[in-house]
């Protein structure tokens, strides 16, 4: 009978998102169902009631914040530990007390909720979301100089006032599900709490057992449930779990996430960093002063000396177009040269304006889009699912904040495509195919991996730098910005920086990078770097020389205004990954991760799958002796005039090629001071040639 009543209640709801959320769970009793529904209703009433409550003429004065001198702890001194609520407890526990619709309304009015205290005005009877005295204010961030005196007061009016913390103190800059926000560090709390405004209400998961939380002053804390979300802080991305409650800040980071993310504080210089990220990059903590009063350096009430050295967006992550962070973190650990961490940290500190996790800006060469006499191309927006549309909106807001795009009324218009990434998040892409069709091509050369080898003679130490959102650091000529316009349901925008997907974008960026490093080309010590679009390889014959080469490259980047992604840089390695290959002092070899894809490829069943395999294995061709001879049966089978028949010769060629790729040779770095030998061969099936040099003993290399 109870299940029937629950089903009828759920399907009678007009709110589809709430209905779907309730259907995800199997309710054992009617009371459990009503309890969780009450939680969601209270949170929704809090959101919807804010506008009407602001017109309330009563305006109680702001009292002492219960949170400003305490930490969120449980009655048993252990934060967020699940504990059944007893009859004798006077604290409110929304997970165990069912409220009627009338009492829910009274909660917002303050007539039947004496246990709840507002963090804005300190009055009892309502939550801070509904506070009639909530000011529409701007956050004040204090910026400290290296001296003891206070510099300027920096304001950020672009921060959403609904997420302004009600608590002064130390904050991290964090990204929650792609949205930039602030996280309060609280090592006194065992668990992490998050404000309901930071997550979708329909994502809240009911608790298996009731939870009773209070502050140190005895103020009860309503727990609506828990939620799982994607969190990014200090270059570390991870899945996080937190309890949802009406806390006076967006996120309260407890010991669980502080340890999981590996966040470390340095009181001496008011900074923090993530131990998981190498090379180490320090980020300044944010001190929030909502009332604009003077603050002396190191005088915060949290006991930490805090300062602000950069704006809110400085470590926000808008896009991850360069690949998966997990692959970077695991980049050939055995190749890292040990014992020089302090030297690396010193360089990073010296070039802190370069090692910043946000795009820089360089206008040495502005990109032009030559369309000749072509008429403007205009297309309608593609339809997006609700989840993609919400993600698109967030990314557009972030690009506006970073000054990457601007609203437009251009005659040119291309549609937006939301592409899913391996981590199930979405990347904003523009379908520029029709614009590219009328754009004249550029002939600027893109380097090849062979040219990398030619520049690496005697190289023993390597570093790579990855430009942060590389294309977004390059300017577009003002007259051509209108051609980059894109349309979506949010409106029409055009790029002020170079977008991805444009014809000639790679050629332009390569030309820009070559221009940036032109002073190094005039050096008498030889070329120590190799740029490939937004990836830069630095190689040197010794560690001492390498540090100087690294600083020369960073000097050029700093002068040009370019920045690199700290989490994806590899500094001081004897073996390194570059452009999908393994590079060391011996030469160039295949990346085992790439070979694995060939090894796991199933036997082709038609010509299409055969062509895919040959395309995949062709990437390894230069590392496999007699490659053309091995694949000859497979190339014959893929011809249009040859019917499909997978025989023993094809199977043998397929397996042999896999084995040879595993045993692939190392391409040796050429020494142009020695002579070369050209060895050639030919047969009815193909032609082949190889360059050979000999060592001091006359052996072939």
For residue 533, indicate whether it is in contact with a helix residue (DSSP H, G or I) (Cβ under 6 Å, 6 or more places away or on another chain), at pLDDT 85 or above, assigned by TED's automatic domain parsing to the domain that holds residue 359 and within 28 Å of residue 237 (Cβ to Cβ). no
Residue match in the range 683-692 (condition: over 20 Å from residue 454 (Cβ atoms) and outside any loop (DSSP other than H, G, I, E, B)): yes
Taking residue 594 as meeting all but one of (1) surrounded by 15 or more Cβ atoms within 10 Å (Cβ to Cβ); (2) in contact (Cβ under 8 Å) with a residue 60 or more places away in the chain, write down the number of the exception. (2)
Please enumerate the residues belonging to the range 597-631 that are part of a loop (DSSP other than H, G, I, E, B) and crowded, with 20+ Cβ neighbours inside 10 Å. 604, 624, 631
Which of the numbered conditions does residue 424 fail, given that it passes all the others? Conditions: (1) at negative phi; (2) out of contact with any strand residue (DSSP E or B) (no Cβ under 8 Å at 6 or more places or on another chain). (1)
Within the range 538-547, can one find any residue that is part of a strand (DSSP E or B), in the same structural domain as residue 472 (by TED's automatic domain parsing) and either over 26 Å from the mean Cα position of the chain (by Cα) or closer than 30 Å to residue 663 by Cβ (or both)? yes
Listing of strands (runs of 3 or more DSSP E) fully contained in the range 139-257 that carry 2 or more residues being at pLDDT below 80 and out of contact with any helix residue (DSSP H, G or I) (no Cβ under 8 Å at 6 or more places or on another chain): 140-144, 150-155, 169-176, 213-215
Scanning the range 481-497 for residues that are surrounded by fewer than 22 Cβ atoms within 10 Å (Cβ to Cβ) and in a loop (DSSP other than H, G, I, E, B) gives 489, 490, 496
Consider the range 641-672. How many of its residues are exposed (fewer than 11 other Cβ atoms within 10 Å of the Cβ) and either in contact (Cβ under 8 Å) with a residue 24 or more places away in the chain or within 20 Å of residue 619 (Cα to Cα) (or both)? 2
At pLDDT 60 or above, surrounded by fewer than 18 Cβ atoms within 10 Å (Cβ to Cβ), out of contact with any helix residue (DSSP H, G or I) (no Cβ under 7 Å at 6 or more places or on another chain) and not assigned by TED's automatic domain parsing to the domain that holds residue 499: which single residue out of 370, 289, 345, 266 fits that description? 266
Quick check on my filter: what residues within the range 450-469 are over 28 Å from the mean Cα position of the chain (by Cα), over 12 Å from residue 538 (Cα atoms) and buried (at least 16 other Cβ atoms within 10 Å of the Cβ)? 453
Taking into account only those residues within the range 674-689 that are surrounded by 10 or more Cβ atoms within 10 Å (Cβ to Cβ) and either touching a residue at least 24 places away in the same chain (Cβ under 8 Å) or over 48 Å from the mean Cα position of the chain (by Cα) (or both), which is farthest from residue 630 (Cα to Cα)? 677
Given (1) free of Cβ contacts under 8 Å to residues at least 24 places away in the same chain; (2) under 23 Å from residue 356 (Cα atoms); (3) surrounded by 14 or more Cβ atoms within 10 Å (Cβ to Cβ), number of the condition residue 548 does not satisfy: (3)
Single residue of 557, 572 found to be in the same structural domain as residue 445 (by TED's automatic domain parsing), touching a strand residue (DSSP E or B) at 6+ places or on another chain (Cβ under 9 Å), on the phi < 0 side of the Ramachandran plot and crowded, with 21+ Cβ neighbours inside 10 Å: 557
Reported set for the range 341-381 where residues are within 27 Å of the chain's Cα centre (by Cα) and assigned to a loop (DSSP other than H, G, I, E, B) is 351, 352, 353, 354, 356, 357, 358, 359, 360, 361, 381
Look at the range 403-422 and say how many of its residues are surrounded by 13 or more Cβ atoms within 10 Å (Cβ to Cβ) and over 17 Å from residue 485 (Cα atoms). 1
Subset of the range 575-589, residues in a loop (DSSP other than H, G, I, E, B) and either at negative phi or crowded, with 22+ Cβ neighbours inside 10 Å (or both), comes to 585, 586
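The values are calculated or read from the model by the stated rules, or taken from the named source; none is laboratory data. The shown structure was predicted, so the numbers you read here are calculated from the model rather than taken from an experiment. Heads up, the Cβs are rebuilt from the backbone with ideal geometry, glycines too, and the neighbour counts pull from every protein chain shown.
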